[in-house]
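The values are calculated or read from the model by the stated rules, or taken from the named source; none is laboratory data. Being a predicted model, the structure only gives us computed values, none of them experimental. Virtual Cβ from ideal backbone geometry, glycine too; neighbours counted across all protein chains shown. The area values use the complete protein model at the heavy-atom level, side chains included, leaving out ligands, DNA and RNA. Shrake-Rupley method; radii C 1.70, N 1.55, O 1.52, S 1.80 Å.
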Amino acid sequence: GLFGVPELSCPEGFQEAQDKALQESEQLVQKACSTPPGPETVMIFDQLSDSLCRVADLADFVKVAHPDFAFREAAEEACRNIGTVVEKLNTDVELCQSLRRLLADETVMSSLDPETRRVAELFMFDFEISGIHLDEEKRKKAVDLNVKILDLCNEFLIGTHIPNKIDKHVLPEHIRYNFTAEGNYLQVAGLHADCPDDLVREAAYKIFLHSNAQQLARLEELLASRNSLAQLVGYETFAHRALQGTMAKSPETVRQFLEKLSEQLSKRTQKDFEMMTKMKMKLNPHNSMLMPWDHPYYSGVLRAERYNIDPGLYCPFFSLGACMEGLNSLFSQLLGISLYAEQTKRGEIWSEDVRKLAVVHETEGLLGYIYCDFFQRPDKPHQDCHFTVRGGRLKENGEYQLPVVVLMLSLPNSARGAPTLLSPGMMENLFHEMGHAMHSMLGRTRYQHVTGTRCPTDFAEVPSILMEYFANDYRVVNQFARHYKTGQPLPKNMVSRLCESKKVCAAADMQLQVFYAVLDQIYHGKHPLKKSTTEILKETQEKVYGLPYVPNTAWQLRFSHLVGYGAKYYSYLMSRAVASMVWKQCFAQNPFDRAMGERYRREMLAHGGGKEPMLMVQGMLQKSPSVEDFVDALVSDLDHDFETFIMDS
């Protein structure tokens, strides 16, 4: 069976696994309601969470990645059913009472260890944001709103990817071949951001981002429903509800962070836009005004021209085998951990190119398993991500339930007999996803509810982004980057050039991220919104980003992160700030420092979500960073490295 789960040897097994989980959960609910307040209450709640998550998490992965449609469909159904049960449990008054009795009992509470206390509070928080304190009618309304929001999210997400069609005669003949023809129509499925022809990029931008009444209605209804739910359960806005428990804590802090960052970036962003404009004038003298479809293209042209970083020059040094060796060597030096390939049993994996790795510590033994699903295949989504399939926890019998995760990449399939070669970007993504996997392996908490990456969104990206700093350090890269034919190491100046090239137009790139984050905050802020989502987009784009809004476009209808990162898009920037501070203070001097690696494990990885995120950051940096510290960390990363600059001048 998939992942060694016996029921899952066929799609119908999902029904069986789901029924078993629901049966188990009913018994646990009864047990929770009849147990006197004490640490056992938290244990039972965590078992309840585990029995449902073991099916839901696995199904979450299978529904997007399994090559067999019947498996995907069965998993989708299981996800929906378990999701509905979770929503109902979150408004189960009797179940909540058993937890409330514990939280109200000061004597028992003061005898619990900090992690158990926090997990009890987190379970209570789940009840509260679902509206447990409301009367029955309002509770039912909260459940209905939750279900409605889930459906709107799915519909909106599908809408973000649907191509737009246009009558082919509208476009000049010489650019039509760039788009897929369908009878008299052309299909535009993306922004064609890398196309050297300005006209193709302009057409793609205006057509792909053309406003769509249905998708607009979905977005407006989604934002309004989220706001109604938040207000129903007692929050001022959806952002207030979403940010509880995060590093930022409140929308006010996020606003302050984004405003200060924008202020610090503005001069540099202006400079970047001026450089891009000059380049556009040089290549296209007739039309030199910089437009939103120019930014990704001309920043790439500037990078390539200034640093000659053709991926083809780098790929031969980054074979997949060499990169995995590099990760293995880094983890072994920093954390005493090795990765070993394991044989899989029949039916355990969903595609024959999936590899299973055992993660083993030099003294603690086996920590968990990572399934590597690295290669492209038809119907597999083109995104790199990390899935928790089973969370770690201390079981009732004293054994530890080992965590199981999947890392999914979209690497090209190599020619027969040749190794898979990674571009520098793919190599960095592999390191990033491996950062999540190590968090899952080392966040060995007693409770499954807070294991590994089950922590606030703005902290969850810290371990993965920190790995990008290792991937960009010559001392680390030099340990594994070898030409697959000659064995020659990657020259130091090539690594320096690559790192410096990433700083070209980096301020403008970061400003774009700030714009997306601000937009997300406004959409999830005070309702009713003062203007339509498109008018808000136009105003914010011109104020925060600086490149003109293009009439009749509605970029927000393609903003798929509004679903998974609603009110939390800023997380990516804040996590990067923390990762940057940890790198500079703890690893920049020696990226293989074992004592620092152990401190990193102890202070930041070991707690999963079982400790307040700011306290973990404080433990690592030995000070509590301010919003200004975050901004300084991000901005100082944009400065060019003087040594490389001299070498290349």
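Could you pull out the pairs from 260/503; 63/531; 138/526; 165/568; 249/526 whose alpha carbons sit more than 26 Å apart here?
63/531; 165/568
Can you give the calculated 222 nm mean residue ellipticity of the chain, where each DSSP H run of n ≥ 4 adds -39,500 (n - 2.57) and the sum is split over every residue, rounded to the nearest 500 deg cm²/dmol?
After summing the helix terms and dividing by the residues of the chain, the value is -17500 deg cm²/dmol.
So how much slack lies between residue 346 and residue 382, counting 0.36 nm per residue of separation and subtracting their Cα-Cα distance, in nm?
Length gained, residue 346 through residue 382: 10.3 nm.
Between residue 415 and residue 395, how high is the FRET efficiency from 1/(1 + (r/R0)^6) when r is the Cβ-Cβ distance and R₀ = 41 Å? Nearest 0.05.
Rounded to the nearest 0.05, the efficiency is 0.35.
Note down the net charge around residue 284, summing +1 for each Lys or Arg and -1 for each Asp or Glu among other residues with Cβ under 14 Å from its Cβ.
Within the 14 Å Cβ shell, the charges total 0.
Within a Cβ distance under 15 Å of residue 69, other residues only, what is the Lys/Arg minus Asp/Glu net charge?
For residues surrounding residue 69, the net value is -2.
Determine the per residue accessible area of the range 2-133 with all protein chains present and a 1.4 angstrom probe, expressed in square angstrom.
45 Å²
With all protein chains present, how much of the accessible area of the range 567-649 (probe radius 1.4 Å) comes from carbon and sulfur, to the nearest whole percent?
Roughly 53 percent of what the probe reaches on the range 567-649 is carbon or sulfur.
So between residue 483 and residue 134, what do we pick up on full extension, going 0.36 nm a residue minus the alpha carbon distance?
Full-extension gain reported as 119.2 nm.
I'd like the FRET efficiency for residue 31 and residue 77, computed as 1/(1 + (r/R0)^6) with the beta carbon distance as r and R0 of 41 Å, rounded to 0.05.
The computed FRET efficiency comes out at 0.90.
Report the relative contact order of the range 315-486, percent, no decimals, based on alpha-carbon pairs under 8 angstrom and at least 6 residues apart.
So the answer I get is 25 percent.
Along Cα→Cβ, 7 Å out, is where each label goes; now give me the distance between the ones at residue 16 and residue 308 in nm to one decimal.
6.2 nm
Could you tell me the relative contact order of the chain? Use alpha-carbon pairs under 8 Å, at least six residues apart, and round to a whole percent.
It comes to 16 percent, rounded to a whole number.
In whole Å, what is the distance between the alpha-carbon centres of the range 59-82 and the range 295-359?
What the calculation gives is 27 Å, centre to centre.
I want the local charge near residue 131. Using Cβ-Cβ distances under 10 Å, sum +1 for each Lys or Arg and -1 for each Asp or Glu among the other residues.
Local net charge: +2.
Here are a few candidate values for semi-axes √(5λ) of the Cα gyration tensor in Å: (i) 39, 31, 26; (ii) 61, 27, 24; (iii) 52, 39, 19. Which one was actually calculated from the structure I just gave you?
From the options (i) 39, 31, 26; (ii) 61, 27, 24; (iii) 52, 39, 19, the structure gives (i).
How far apart, in nanometres, would the label points at residue 106 and residue 197 be if each is projected 7 angstrom from Cα along the Cα-to-Cβ direction?
Here the answer is 7.6 nm between the modelled labels.
Which cross-chain or sequence-distant (5 or more) residues have an amide H under 5 Å from the amide H of residue 422, H modelled 1.01 Å from N in plane?
For residue 422, whose amide H was placed from the backbone, the distant partners under 5 Å are 318, 319, 320.
Give me the dipole magnitude in Debye, nearest 20, for the chain about the Cα centre, with unit charges on the beta carbon: positive for Lys and Arg, negative for Asp and Glu.
Here the size comes out at about 1080 debye.
So what are the ³J(HN,Hα) numbers for the range 70-80, from phi and the Karplus equation (6.51, -1.76, 1.60; θ = phi - 60°), rounded to whole Hz, Gly and Pro as x?
4, 5, 4, 5, 4, 5, 4, 4, 4, 4, 5
Tally up the carbon and sulfur contribution to the accessible surface of the range 2-133 as a whole percent, 1.4 Å probe, everything protein left in place.
53 percent
Could you report the range 315-486's accessible area per residue, 1.4 Å probe, as an integer in Å²?
Value returned for the range 315-486: 38 Å² of accessible area per residue.
Could you give the length gained by full extension between residue 88 and residue 151, i.e. 0.36 nm per residue of separation minus their alpha carbon distance, to one decimal place?
Length difference between fully extended and current span is 21.0 nm.
At a 1.4 Å probe radius, carbon and sulfur cover how many percent of the accessible area of the range 178-299?
Roughly 52 percent of what the probe reaches on the range 178-299 is carbon or sulfur.
Could you check the simple spin-label distance between residue 267 and residue 624, using points 7 Å along Cα→Cβ, in nm with one decimal?
3.2 nm
Pull out a ≥ b ≥ c, the square roots of the eigenvalues of the alpha-carbon gyration tensor of the range 205-300, then state rounded if a/c is under 1.5, prolate if not and a/b is larger than b/c, and oblate in the remaining case.
Because a/c hits 1.5 or more and a/b fails to exceed b/c, the range 205-300 counts as oblate.
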